[in-house]
Amino acid sequence: MRRARRPVVVIGSGVAGMATALAAAPAPVRLLCRAADGSGSASALAQGGIAAALGDGDGSGAHARDTLEAGANHNDVAAVRWLCAAAPDTVAWLAAQGVAFDRGPDGRLQLGREGGHGAHRIAHAGGDATGAALVRALRAQVQTAAHVQWRGGVDAEALLLRDGRVAGVRVRDGQGRHEEIEAAAVVLATGGIGALWAHTSNPPGADGAGLALALAAGAAARDLEFVQFHPTALAVEGHSLPLLTEALRGAGARLVDSTGEPLMRDLHPLGDLAPRDVVARRVWQACRQGGGAWLDATSIEGDWRVRFPTVLAACRAHGLDPRRERLPITPVAHFHMGGVATDLDGRSSLPGLYAVGEAACNGVHGANRLASNSLLEAVAGGRRLGAVLAAAAPAAGQGVHRWAERGVSLSPESLSALRGLLWRAAGPVREAVALRDAWRVCAAAADAGWQMRLAKALLRAMRLRRRSLGAHCREDRGCPM
Ligand code: SIN
């Protein structure tokens, strides 16, 4: 009797997971995610667009140079070349999936500019709502794809290891019921770790759960110390704060201090559009010094409801009007350059386990990601990984098996304390004593929950990288402020 082909299990419903699932056809795919309706991914919140060298006089070589410079040349050069070369085709593929990119009257893409880019090369959809547009289009494709079975409302809490290979996953639903799923391959598309910090642009589910699972199973991690802080979130109460997209600065918004003076004066040749780590440190410093920092976007022309509907709605929800008044800002934990170590096909060090998008680290972003390279990498990487999995043979073997458990979760009070600890010790500016003390707290409480163990691993990497590089700024070791 022929055995049914084991599915590829993809964990995560953001664009990386969905692009992987679509490209894996005809292999059967089970797409698992925590929210019952598939919402809650960081992708859906992404305001930036997709970087692609599509403008006159631009080229993938220039895009690659900007990517390397932003990444402090810590990037894997082959990965950067691949990503930048794949970008135009990725935009075309997304348009074919139904993403309505913003175009001018002549039908050509309207290309915006963001920090660290030497050219106008950011394709947007729905103004500052590109992530939501991608999620909508890919979800429509996934829902009609016969090879994909979608399962929301479950949390992956353990990986099945058989003969040294990842061969399945155990999930738990909202009622506490368990299900074990045997898999030809398991893909972590679980996003980043920003929600472990007190203030973040990420949704609460971006808590590193996939990375913690991979570490529990013994997979190698890479570059864990590199966490990007976005310089301009709206400084209001709360944990997940509204982002004020960098595209605002590309359109003419200015960073100012409490007296209205330019915040970035004499700091970087690109001024307000300097790489994100440089701007984030300056904003952090201004906030720490007590004066605060503001984004003045009042000079931006055109219809905000078309150009920046997401920012406009977020500001209004807090009683602010960006067209008439300057906006208080704070840096927020935004993107993890590190993650599960993979090759360009998404293979981790554990056979059968793959990672893609922000959960993975293939070296493409180096020490600091260039703006609008993340949706790009999620889609391009997902398509590449899906094509590999389409051809993958089902895992064989009935040998010795064990479950690698992520372990219990922290209590809400302990999680909140951990977020405060990482905010203070592991923010845009770090130093040895605070990192050591924070690591000790996490080491002492490692059994309290998996988030503590993950934080301990992150802090260890931050302590081991003694010199400043990219987004990892050691105040005690020559951080360029
Ligand atoms: C932004 O719109 O400023 C964020 C875009 C990104 O993170 O690439």
*If pairing requires two Cys Cβ atoms under 4.7 Å apart, which cysteines of the chain are left without a partner?*
33, 84, 287, 315, 361, 442
*Packing-wise, with mean Cβ within 10 Å as the measure, how do 11-24, 409-422 rank, highest first?*
11-24, 409-422
*Global geometry of region 148-301, whether rounded, prolate or oblate, following the gyration tensor of its Cα atoms and the 1.5 cut on a/c*: prolate
*Determine the percent antiparallel among the DSSP beta bridges restricted to the chain, to the nearest 5.*
65 percent
*Which order, highest average first, do 298-307, 55-64 follow once you tally other Cβ atoms within 10 Å for each residue and take the mean per peptide?*
55-64, 298-307
_Under the rule a/c < 1.5 gives rounded, and otherwise a/b versus b/c splits prolate from oblate, where does region 377-481 land using the Cα gyration tensor?_
oblate
_Which order do the peptides 140-153, 344-357 come out in when sorted by mean C-beta neighbours inside 10 angstrom, highest first?_
344-357, 140-153
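Bear in mind these aren't lab numbers, they're just calculated from the coordinates by the rules spelled out. Quantities reported herein were computed from a predicted structural model and do not represent experimental measurements. Virtual Cβ from ideal backbone geometry, glycine too; neighbours counted across all protein chains shown.
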